[in-house]
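Notes for the one structure printed next.
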Amino acid sequence: MRNLTFVLIWTVIPFLGFTQNGITGKVVDELGLPIYLASVTLEQTGDIVYTDVEGNFSLISATEFHWKISIASAGYQTESFFVLSGGHTGDLVLDYSAEMNELLENDP
């Protein structure tokens, strides 16, 4: 009986509030191209991750339901997004900065 109680306690403990929630997504530019090394910041904790070559990112949060993330990269406007329960953002589009737009317009 003592062994059964011990096993039940250690089986239930991981499910009692110790879960972590994942936030995943992809950062792309206005043309749909992935943005490499964009910083993705979870505003509640200040945790930062960077996008990979394909623009993908993954964050872990101890809180659940909704989060606010900020995304920044050189040549793009910094944007903030709210992520609801479920944690998958899909494609997040960053607009070009004014300087980048000027360079693109003056390109011969």
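Any read-out appearing in this document is the output of simple, stated calculations on the displayed coordinates, not a laboratory observation. Remember, predicted model here, so these are calculated numbers, not experimental data. Cβ sites come from the backbone with ideal geometry, for glycine too, and all protein chains shown count toward neighbours.
Structure notes:
- When 80, 39 are sorted by how many other C-beta atoms sit within 10 angstrom of their C-beta, beginning with the fewest, the order is 80, 39.
- A Cβ-based charge dipole, computed about the Cα centre of region 20-105 with Lys and Arg at +1 and Asp and Glu at -1, lands at about 380 debye.
- Counting 0.36 nm for each residue step from residue 47 to residue 81 and taking away their Cα separation leaves a gain of 10.7 nm.
- In loop segments of region 50-101 as defined by DSSP, the chymotrypsin sites (Phe, Trp or Tyr not before Pro) with at most 14 further C-beta atoms inside 10 Å of their C-beta are 65.
- Counted by neighbouring Cβ atoms within 10 Å, the residues 26, 68 run from fewest to most as 68, 26.
- Table column - 3J(HN,Hα) (Hz), region 47-58, Karplus curve with 6.51, -1.76, 1.60, x for Gly and Pro: 5, 10, 10, 10, 6, 8, 4, 8, x, 7, 9, 8
- As a rough footprinting exposure proxy, the listed residues 79, 105, 30 were ranked by other beta carbons within 10 Å of their own, and the order from fewest upward is 105, 30, 79.
- Estimated FRET transfer efficiency when R0 is 30 angstrom, pair residue 30-residue 66 (beta carbons, to 0.05): 0.70
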